[in-house]
Amino acid sequence: MRNQVRMCALYVGIIMAFITVTPVMAQGTAAGPTTQHLFDSTLNEGWIGGPNDLINGPAPFPIDLDINGQPWTKDIISSGVFVGGGMTLHETILNAGTEPWWDWHEQVTGAAIGASWNTVTSVKINGSPITFNTTVGVGSLLTLDGFSQPVLPGDVFEITKTLITTDNVVGSAQLLVTITEYPTPEPASLAVMGLGLLAISQRRR
């Protein structure tokens with residue numbers, strides 16, 4: 001009995017360490033799409049999915065998790081001459097897969113002008129605000145986690161975020177910035193997997 005208790009504690013410890021130390025398991029999208037989105041240089045705002053996305057709208061942009069997939073790459077194109085400063089991006093995404101999302105990651109991978117993340121001002125699920133944590137890491141990586149509720153399959157996920165850019169002038173219909181991003185699956189699924197391994201171990205005993 002003591003051995004079983006010790007083994008149970010060991011497995012639980014391993015599972016919890018894996019969940020807390022590993023930033024979940026980063027996953028890409030089913031198709032690894034590359035899309036273009038128009039940035040209104042007169043308003044310093046751009047839209048990714050939704051009614052104001054003049055290239056891909058008006059529906060939310062569908063994203064499906066795939067462990068073997070590639071990140072979603074977005075090219076933000078200027079509608080006119082852009083001289084730098086703040087860039088506000090509004091994103092409306094549909095969880096088109098079967099996995100809940102608890103995290104969201106974005107990285108600036110290319111830019112015609114120097115760009116760095118400033119802040120995330122809003123995260124919504126189906127139009128209702130949720131609480132969240134924001135972390136800006138090395139290499140222009142932005143991580144959103146600590147969601148007060150997951151983005152379930154079929155939910156519409158909305159993010160409003162800002163970038164700060166340099167004052168380099170970029171002309172009309174030219175690339176401003178390229179961003180890659182991907183969600184991650186529900187951490188609880190890792191615990192379920194670990195408990196399954198524990199059950200198998202107990203059967204063998």
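Values quoted throughout were computed directly from the atomic coordinates according to the rules given, and no laboratory measurement underlies them. All of these numbers come straight from a predicted model, not from anything done at the bench. As a convention, Cβ positions derive from the backbone with ideal geometry for all residues, glycine included, and neighbour counts pool all protein chains shown.
Distances between placed amide hydrogens fall under 5 Å for A31 paired with D64, all partners being 5 or more residues away or on another chain.
For region 27-185, build the charge dipole from Cβ charges (+1 Lys, Arg; -1 Asp, Glu) around the Cα centre, then report which of T160, P33, G80 sits farthest towards its positive end. Value: G80. Once backbone amide H atoms are built at 1.01 Å from N, V177 has I76, A112 as its partners under 5 Å, excluding neighbours fewer than 5 places away on the same chain.
Have a look at P150, S128, S140 and report the one farthest towards the positive end of the charge dipole of region 13-172, computed about the Cα centre with Cβ charges (Lys/Arg +1, Asp/Glu -1). Farthest along the dipole direction, towards plus: S140.
Our coupling estimate for region 81-93, obtained by passing each phi through the Karplus curve with A = 6.51, B = -1.76, C = 1.60 and θ = phi - 60°, is 5, 10, 10, x, x, x, 10, 9, 10, 10, 10, 10, 10 Hz, Gly and Pro reported as x. Counting only Cα atoms, the size of region 39-124 along its three principal axes is 41, 26, 23 Å, in decreasing order. With a cut-off of 14 Å on the backbone N, the residues of region 116-147 near the modelled label site 7 Å out from N168 along Cα-Cβ are 116.
Here the residues L43, L142, ranked from fewest to most Cβ neighbours within 10 Å of their Cβ, fall in the order L43, L142.
Projected onto their three principal axes, the Cα atoms of region 86-129 cover extents of 36, 20, 14 Å, largest first.
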